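The values are calculated or read from the model by the stated rules, or taken from the named source; none is laboratory data. It should be emphasised that the depicted structure is a prediction, and the values quoted were computed from it without experimental measurement. Positions of Cβ are generated from backbone atoms using ideal geometry, with glycine treated the same way; all protein chains shown enter the neighbour counts. Side chains are part of the model used for accessible areas, which takes the heavy atoms of the whole protein and leaves out ligands, DNA and RNA. Shrake-Rupley method; radii C 1.70, N 1.55, O 1.52, S 1.80 Å.
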Amino acid sequence: MKLLQALFFPPEQPGGVSSMIPYLQERFASPRWEMELFSIPKRIRNKGRDEVTFDTFDWTQYGQYPVVQKYIQTYRDYLWWTRLRIQKPFDLIHAHHPIAGIAMKSVFPDIPLVQTIHSSYEKELILNGKIEENGPEHQFLVSLYREMEYKADRLIAVSRSFQHYLAPYVQKPEDIVVIPNGYDEKRFKPIPHENEVTQLITVCRLVPAKGLDILLKACAELKKRNQSYVLHIIGDGPIRPELEEMARQLDIYHETIFYGYTLHPEEFMPFFDVFVLPSRAEAFGSVFAEAALSCLALVGTEVGGIPEQIEDGVNGLLVPPDNPKALADALEKVIADPAYRYELARSACDKAKSSYSLSRAVNELKKMYLKFPH
């Protein structure tokens, strides 16, 4: 069976897609399976000239808005690049971005399409202050879910929470399959270590949706309580200067290290003690599974797919979003009691190995793929 995994970003970009898709290839390497990856390079800009129409809604009513114009032009560019680069036929296409899926079905209408939706792009844009909730750009972006449902032969969500989120925007939410991302255990090598001072780590894009302002306020509260820690922030993004200034104003700059973007954070994640990310939205939260496989204690918020990974008090701690005091209380528990922290970390690692292994994801995908004629 000849498979094409259609991404949007090249697979080295951070995020849930890059955590899984490149590692699928070796698991599918056999005479029975042939798999290729496809994505659009960043250098491709303003090449496409297609007239764009969708089957389920008229996008032109939103066409005067910059976010929509950029999206449509990127879709045209993806169409142009697909026609230029893909010549040979495939038995099935599995797309991992709305643009990729809709474009592939436009170019190859007779090839079965499986579409995984990995995140709520519109929700992040709202939380990051880029678009207004229920505004025209928001309406355009959620209309794409119905278009994806119309185009795809199978729709996949990465968590039950995200399946529920999608329900109002599609005709048959009961047909959405839930397959969480899978992670190659070989990439994660927990290391026994004793840190004299508790080492906190977070890994994310530095944008408002990730709630790092809440994390810094919680860490300032920990300092007032005379709890010792070091906070390591891995990632880059538009609000990094604001966060650095905030750390100075809260008098925790010396306890906080900003690393910028790092390609493979899992290589040194095992040397830390606690993974913390107070997200305001998360379709699944791949980085929690990665931290669990690195045997870190987890502290997260009760949003999106995070509570599906963390059972509060069993394999991590959950707090409400936008609550610095609750976050400080949770962090204090794991800083003050290393034995409890280790117990949470072991439980998190065990759950991630059983629930989010790459082998489980591969088996579920193979069963799905084989249902299509080839």
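When TYR71, TYR65, TYR75 are screened for being open to solvent by less than 20 Å² (accessible area, probe 1.4 Å) and under 20 Å from TYR145 (Cα atoms), only TYR75 passes. Give the number of residues within the stretch 35-58 that are outside any loop (DSSP other than H, G, I, E, B) and touching an Asp or Glu at 6+ places or on another chain (Cβ under 9 Å). Looking only at that region, the number is 0.
Conditions (1) within 30 Å of PRO270 (Cβ to Cβ); (2) modelled with pLDDT under 95; (3) touching a Pro at 6+ places or on another chain (Cβ under 6 Å), marked per residue:
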{"site": "LYS105", "(1), (2), (3)": "no, no, no"}
{"site": "PRO112", "(1), (2), (3)": "no, no, no"}
{"site": "THR116", "(1), (2), (3)": "yes, no, no"}
{"site": "LYS130", "(1), (2), (3)": "no, yes, no"}
{"site": "PRO136", "(1), (2), (3)": "no, no, no"}
{"site": "PHE140", "(1), (2), (3)": "no, no, no"}
{"site": "LEU144", "(1), (2), (3)": "no, no, yes"}
{"site": "PHE162", "(1), (2), (3)": "yes, no, no"}
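Taking helices (runs of 4 or more DSSP H) as the structural unit, those lying wholly within the stretch 136-227 and holding at least 2 residues that are under 30 Å from ALA328 (Cα atoms) correspond to 160-166, 212-224. Taken together, ASN315, ASN323 contain a single residue that is surrounded by fewer than 19 Cβ atoms within 10 Å (Cβ to Cβ) and not small (Gly, Ala, Ser), which is ASN323. With under 30 Å from ALA297 (Cβ atoms), in a helix (DSSP H, G or I) and either open to solvent by 20 Å² or more (accessible area, probe 1.4 Å) or of a type in the set (Lys, Arg) (or both) as the only criterion, which of LYS105, LYS123 stands out? Of LYS105, LYS123, the one residue that is under 30 Å from ALA297 (Cβ atoms), in a helix (DSSP H, G or I) and either open to solvent by 20 Å² or more (accessible area, probe 1.4 Å) or of a type in the set (Lys, Arg) (or both) is LYS123. Selection over the stretch 34-55 of residues that are closer than 22 Å to TYR145 by Cα and open to solvent by 50 Å² or more (accessible area, probe 1.4 Å) gives a count of 3.
Could you list all residues from the stretch 126-174 that are among the charged types (D, E, K, R) and open to solvent by less than 20 Å² (accessible area, probe 1.4 Å)? Within the stretch 126-174, GLU147 is the sole residue that qualifies.
Residue by residue, here is whether (1) touching a residue at least 60 places away in the same chain (Cβ under 8 Å); (2) farther than 19 Å from ILE99 by Cα holds:
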| site | (1), (2) |
| --- | --- |
| LEU127 | yes, yes |
| LYS130 | yes, yes |
| PRO136 | yes, no |
| VAL158 | yes, no |
| TYR165 | yes, yes |
| LYS172 | no, yes |
| VAL178 | no, yes |
| GLY182 | yes, yes |
| LYS186 | no, yes |
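Of the residues making up the stretch 251-265, those that are in contact with a helix residue (DSSP H, G or I) (Cβ under 6 Å, 6 or more places away or on another chain) and buried (at least 19 other Cβ atoms within 10 Å of the Cβ) number 2.
Just for the stretch 43-99: of the residues that are touching a Ser or Thr at 6+ places or on another chain (Cβ under 8 Å) and of a type in the set (A, V, I, L, M), which one is nearest to GLY135 (Cα to Cα)? The selected residue is ILE99. Residues being of a type in the set (A, V, I, L, M), farther than 24 Å from GLY211 by Cβ, in contact (Cβ under 8 Å) with a residue 60 or more places away in the chain and exposed (fewer than 14 other Cβ atoms within 10 Å of the Cβ) are represented in the stretch 361-372 by at least one member. Every listed requirement among (1) surrounded by fewer than 19 Cβ atoms within 10 Å (Cβ to Cβ); (2) under 22 Å from GLY48 (Cα atoms) is met by THR82 save one, (1).
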